[in-house]
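Worksheet: one structure, shown below.
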Amino acid sequence: MIEMTGTAGATGTVGTTGATGVTGATARPGKQFWERVPAPVVDVGLVALAALDAGLNLSDDTPFGLALAAVACAALALRRRFPLIVFLLTLPATLIQDTLVAPLAALFTLAVRYRDRRLLAVCAILSAIATAIPWPPGPSTWIGRTWTLVDFVYTLATAAAPVLLGQLVQAHRDLSQRLTEIEEAREHERVLHAQAVLARERAQLAREMHDVVSHQVSLIAVQAGAVQVAAKDPETREAARSIRALSVGTLDELRTMVTLLRASGGDATELTPQPTLADLHKLVASSGIEAELKGELSPTVGTPAQRALYRTVQEALTNVRKHAPGARATVELWHDGPEVGVTISNTAPSRPALPLPSAHQGLVGLKERADILHGTLESGPTADGGFRVRMRIPAHAD
């Protein structure tokens with residue numbers, strides 16, 4: 001009985017991870033049918049086969065002979081844990097009975113589990129000797145000794161077969177494990193390469209943001225400051241002040257984003273301050289529109305949840321300023337059991353909106369934030385011509 005429990009060969013091709021996407025990985029082939037059979041089923045079947053072999057080839061039906069045969073067959077159930085001991089237990093039965101399955105199965109398991117070839121050679125010779133020596137011993141003749149020697153040669157060849165097959169299974173396992181390790185190493189190299197490419201792209205994006213966007217926003221802030229100083233109309237000065245304050249805030253945000261991009265996941269990201277609910281009052285006050293903040297939340301709300309609520313309010317107020325000139329906005333914080341949320345609603349615009357560049361990705365990004373935190377985001381027009389954005393997330397989302 002041959003037990004094939006080797007690990008499936010690592011022949012699957014793992015997909016390449018690139019900086020812009022991941023190609024599908026080729027699935028590993030399924031296990032062979034003998035590998036899908038549970039080990040207890042194999043053990044029971046092997047013990048039954050050995051018992052059938054011993055019963056059909058019983059040459060000593062004395063209680064002692066039957067006991068040795070029973071021990072040899074039953075010991076096969078423990079061959080995985082104690083292969084050498086099980087083999088030694090089959091030798092007495094092999095000596096007095098014409099059994100074949102028990103010693104060969106024990107030799108095969110021993111060859112699969114052990115790497116010492118000298119030990120395996122000795123065990124094969126012992127099995128051949130126990131099979132070839134006549135039992136009970138009697139007076140030997142020259143012809144009898146010759147046939148004993150011939151029988152020994154044949155039985156030695158028979159015993160060598162499970163040993164060689166067991167070593168082949170062991171080599172197959174080692175090769176499969178080695179191939180798996182090589183594939184894992186290659187996958188690790190691909191991941192490192194993808195991370196390096198991503199780091200270069202982040203560094204390039206950080207340079208573009210610093211050299212182009214930050215420069216232009218700085219010019220806006222400078223021009224707004226000049227208008228604020230030169231204007232005589234209070235409303236114009238207030239508008240210029242708001243533009244300058246928003247430009248300065250945008251510069252701070254850009255510096256934070258540049259720092260994050262350049263850090264590329266390093267320790268520098270831990271030093272970057274992130275907005276919380278405590279910053280909402282300042283955000284609403286500097287929004288450049290008529291806005292009111294209602295309600296409050298406990299400071300024990302998780303940091304990811306606070307950041308998501310802040311970004312939701314920031315995006316909603318920005319949209320009001322861009323698309324609903326003259327509208328009034330209301331920001332309401334609320335909690336509902338284990339969940340917290342914010343509702344931003346605005347009235348209808350009081351004057352036409354100027355065409356402004358927009359990628360229409362703000363609400364999409366907020367929806368993605370809510371999904372990541374296992375929350376929901378609802379947005380849409382109201383009956384009075386305004387617009388409402390509502391985010392609900394777990395208070396301790398991570």
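Remarks
- Evaluated at q = 0.11 Å⁻¹, a Debye calculation over the C-alpha positions of segment 33-192 (equal weights, vacuum) places log10 I(q)/I(0) at -0.51.
- Here the Karplus curve 6.51 cos²θ - 1.76 cosθ + 1.60, taken at θ = phi - 60°, turns the phi angles of segment 304-319 into couplings of x, 5, 4, 5, 5, 5, 4, 5, 5, 4, 4, 5, 5, 5, 5, 5 Hz, with x standing for Gly and Pro.
- Residues whose amide H lies under 5 Å from that of Gly386, counting only those 5 or more places away or on a different chain, are Ala348; hydrogens are built 1.01 Å from N in the peptide plane.
- Summed side-chain charge close to Glu184 - residues other than Glu184 whose Cβ falls under 11 Å, Lys, Arg +1, Asp, Glu -1: -1
- Taking amide H as placed 1.01 Å from N in the peptide plane, Leu293 has its amide H under 5 Å from the amide H of Val331, each at least 5 places away in sequence or on another chain.
- Total charge dipole magnitude, segment 33-192, about the Cα centre, Cβ charges on Lys, Arg, Asp, Glu only, Debye to nearest 20: 320 debye
- For Arg328, residues with placed amide H under 5 Å, excluding near neighbours: Thr347
- Between Lys294 and Val213, the distance separating the two model label sites (each 7 Å from Cα on the Cα→Cβ line) works out to 3.4 nm.
- Each part reduced to its alpha carbon centroid, segment 37-76 and segment 154-207 end up 39 Å apart.
- In order along segment 54-64, the phi-based Karplus estimate (6.51 cos²θ - 1.76 cosθ + 1.60, θ = phi - 60°) of 3J(HN,Hα) comes to 5, x, 6, 10, 5, 10, 9, 9, 6, x, 5 Hz; Gly and Pro are listed as x.
- Under the Karplus curve 6.51 cos²θ - 1.76 cosθ + 1.60, θ = phi - 60°, whole-Hz ³J(HN,Hα) for segment 85-95, x wherever Gly or Pro sits: 5, 5, 4, 5, 6, 7, 5, x, 5, 5, 5
Rule-based calculations on the coordinates, nothing more; no lab input. None of the values given here were measured: they were computed from a predicted structure. No Cβ is skipped: glycine too gets one built from the backbone with ideal geometry, and neighbour counts run over all protein chains shown.
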